[in-house]
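Below is one structure, written out as structure tokens, with a few remarks after it.
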């Protein structure tokens, strides 16, 4: 017993050094990956045969709005009319352990869109990963529906990982040339965490009403309810004073947010800062690439 304890204590510094080296390499790899993603998207934008058309730069305000919110309401994806590659990096409340990373791909051909998303919230020792695959279809350029299958993985160091599955459905409808409405329902069939576990995955219901005042100004009103859970409502503005500048603002019951986005050629580059009244700030960096198949 004494010998075993002594040997373990002797090797502890070596293990701690190896752990520090692994963490340093992991951080370096993450930064290199982000740089490669930025370089690759910029290269595609410059080298594409359609770079003269400048998809994002020439997109209307309504199209830019739908591409920004396609992660929250998937039915928007089929209304963008272009395929989208979207990267997001968010830090919540200035805490290194609360990092959110998302990669979204939507491939649009005529009225059909195929979607795939991979997200991770947390860091290497604990967090939740979500992988989705789905399909959206628009009808007559005024109505669209979407459905996604979702796989959830909760992991924490020294604990057994938890695997879950669920679905979400969403729809969009343009009521008039100025008014449109969208809604999304997450886990409508009330599936449980761990598939057969005691905890039901919370249902989420989102309703969004949009009004486009003119080519440079758009307003939206959003209500979000978790069951069981809290309720959130917000109102926002999207303004495009010049062709290569997009300003976004949102004020809600729980946060105040402002964002700056630059549509350039096929790219949309942006940052967003949200102040949660009771906690702190959350900062988001976003890179979006539009292309045609």
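Please treat every number below as a calculation from the coordinates, not as lab data. Predicted model only: the values in this text are computed from it and were never measured.
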For segment 55-291, the Kirkwood Rh over every pair of distinct alpha carbons, in Å, works out to 18.5 Å
Note: residue 292 to residue 125 extended length (0.36 nm per residue) minus current alpha-carbon separation gives 56.3 nm
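Quick one: pull the percentage of alpha-carbon pairs in segment 238-287 with a separation above 13 Å. Spell out each step's value before the answer.
Values: 733 of 1225 pairs.
Counting pairs separated by more than 13 Å, the tail of P(r) holds 60 percent.
Regarding segment 202-293, what whole-number volume in Å³ per residue does the convex hull of its Cα atoms give?
On the way: hull volume 12.0 nm³, N = 92.
So the per-residue hull volume is 130 Å³.
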